[in-house]
Amino acid sequence: MAGSPAPSYNHVVTTEPKHEAFRVGIDSYSLGPLQLSPFELLDWVERHGGDGVQFTELNLKEGQRLDEAFLKDLAQYAAERGLYLEWGGAEHIPRDATSWRPKDLVPINRRAGEQARALRTRIVRSCSGGLMRWSDDAPPTEALLREMARALKAQRSMLTDLNVVLAIELHFEFTTFELLRLFEMCEAEPGGYLGICLDPMNLLTMLEDPVRGTERILPWVVAVHAKDGGLRFADEGLESFTAEAGTGLVDFVAILARLAALGRTVNLSVEDHGGSFPIPVFDPAFLSRFPDLTTAEFSRLVRLAREGQERVDLGQIAPLERSAWPQRCEARVRNGIVSIKRIVAATSSPLPAAERT
């Protein structure tokens, strides 16, 4: 790809894309039970009015190989249909998340970056799958942040040469406060080789108000998992759970108004799945692992949990068992695309500066 112009943050096209603040597609993980090939997944998205796919996992059919020719064919197939592509497979914690042994991220991220370059996309989602706060055996968060900073700083030239952005997902790993410290340790700037894949439902699980968390990390956002969810009271404290996009507690109107203020296109990939997540805030040891949590933000979460509990009691939302996801996935993702597009249509201008507090 040497000599070719650098594509924008998130378009995979061979013709000039129409300028839009947001495009609404899906994350491939959401439809995993359907076992669709990458080409079939693009067909599904186009058929249901979506604008693209963030590929976080692949289902290759017999005879298909994930090589450069396959990726270029996939890029062309998407471009002909005006669909965006984003990639996955990168990692940012230089340890195995089960044994906590050291892990070399360079070959993992080089491979993901090379694959993204073949697809002509800059966005490479990174998720290391850690659940550090929920484990007494995990290394201290600040130690992991220091190790991450060393590992990611060493990859700056590689990722820059590949012309990709390592989009660290807001997962069950680090808070926005901690990731801002990471970027400072990496001496990184927004628009460079590091960015954020915003997931507002995951913010709930990490004891962050989705709107406030978005505001904190806003300049770094290069991709979005448009995932909705709920929060309710539980014996151990709180419980978060996924919800069909547009039906849960995530204030997408407020979040999209803030994202629109970025002045560049950010793709909204609907992610949905079954499952719920205990948040044992009644345990002082667990709560101490969130040192940046303020009383004001915790109060907002308690109010959200009260609203979520009321809506659960009314039968408006409810946790969905992971075992039930295969039967529900197609309808929920299809409805999610429609709902997020409707919200996008209602979010026609950036939030006035006076309201960005």
Exercise for review: List the number of the failed condition for TYR77; all other conditions in (1) touching a Phe, Trp or Tyr at 6+ places or on another chain (Cβ under 7 Å); (2) of a type in the set (Ser, Thr, Tyr); (3) buried (at least 20 other Cβ atoms within 10 Å of the Cβ) hold.
Suggested key: (3)
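Scan ALA97, ALA69 and give me the residue that is part of a loop (DSSP other than H, G, I, E, B) and either out of contact with any Phe, Trp or Tyr (no Cβ under 9 Å at 6 or more places or on another chain) or surrounded by 15 or more Cβ atoms within 10 Å (Cβ to Cβ) (or both). Break it down stepwise before answering.
Working: ALA69 fails: part of a loop (DSSP other than H, G, I, E, B).
Matching residue, one of ALA97, ALA69: ALA97.
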Practice item. Could you tell me whether ASN109 is out of contact with any Pro (no Cβ under 6 Å at 6 or more places or on another chain) and part of a loop (DSSP other than H, G, I, E, B)? Key: no
Practice item. Restricting attention to the range 143-174, report how many residues are over 26 Å from PRO200 (Cα atoms), touching a strand residue (DSSP E or B) at 6+ places or on another chain (Cβ under 9 Å) and free of Cβ contacts under 8 Å to residues at least 40 places away in the same chain. Key: 1
Practice item. Determine, yes or no, whether GLU236 is modelled with pLDDT of 95 or more, charged (D, E, K, R), surrounded by fewer than 17 Cβ atoms within 10 Å (Cβ to Cβ) and over 17 Å from the mean Cα position of the chain (by Cα). Key: no
Check your understanding: Taking into account only those residues within the range 56-86 that are closer than 17 Å to GLU114 by Cβ and among the aliphatic types (A, V, I, L, M), which is farthest from the chain's Cα centre (by Cα)?
Key -> ALA69
Check your understanding: Taking the range 119-133 on its own, how many of its residues are without any contact (Cβ under 8 Å) to a residue 60 or more places away in the chain and part of a helix (DSSP H, G or I)?
Key -> 0
Practice item. Within the range 24-64, track down each residue that is among the basic types (Lys, Arg) and in contact with a helix residue (DSSP H, G or I) (Cβ under 9 Å, 6 or more places away or on another chain). Key: LYS61
Practice item. Mind counting the residues in the range 307-348 that are touching a residue at least 40 places away in the same chain (Cβ under 8 Å), in a helix (DSSP H, G or I) and more than 22 Å from the chain's Cα centre (by Cα)? Key: 8
**Study point:** Any pair with Cβ under 8 angstrom, 6 or more apart, that starts in the range 256-271 at a residue that is farther than 15 Å from GLY25 by Cβ and ends at one that is modelled with pLDDT of 95 or more and of a type in the set (Asp, Glu)
**Key:** ARG258/GLU215
Study note, to complete from the structure: Condition set among the aliphatic types (A, V, I, L, M) and more than 13 Å from the chain's Cα centre (by Cα), scope the range 180-203, selection farthest from PRO278 (Cα to Cα): answer is ALA188
Practice item. Report yes if ARG125 is touching a His at 6+ places or on another chain (Cβ under 9 Å) and charged (D, E, K, R), otherwise no. Key: yes
Practice item. Can you confirm whether the range 212-225 contains a residue that is part of a loop (DSSP other than H, G, I, E, B) and modelled with pLDDT of 95 or more? Key: no
Check your understanding: Only one of (1) surrounded by 14 or more Cβ atoms within 10 Å (Cβ to Cβ); (2) at pLDDT below 95 fails for THR175. Which number is that?
Key -> (2)
**Study point:** Residues located in the range 149-164, provided they are part of a helix (DSSP H, G or I) and not charged (D, E, K, R)
**Key:** ALA149, ALA151, LEU152, ALA154, SER157, MET158, LEU159, THR160, LEU162
Practice item. Take the range 291-313 and flag every residue that is among the basic types (Lys, Arg) and either surrounded by 14 or more Cβ atoms within 10 Å (Cβ to Cβ) or touching a helix residue (DSSP H, G or I) at 6+ places or on another chain (Cβ under 8 Å) (or both). Key: ARG300, ARG311
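Regarding LEU204, is this residue assigned to a strand (DSSP E or B) and within 15 Å of PHE290 (Cβ to Cβ)? Spell out the reasoning first.
Working: assigned to a strand (DSSP E or B): no; within 15 Å of PHE290 (Cβ to Cβ): yes.
No; evaluated as a whole, the condition is false for this residue.
The values are calculated or read from the model by the stated rules, or taken from the named source; none is laboratory data. Source: prediction; values computed, not measured. Methodologically, a virtual Cβ is constructed for each residue, glycine included, from the backbone with ideal geometry; neighbour enumeration extends over all protein chains shown.
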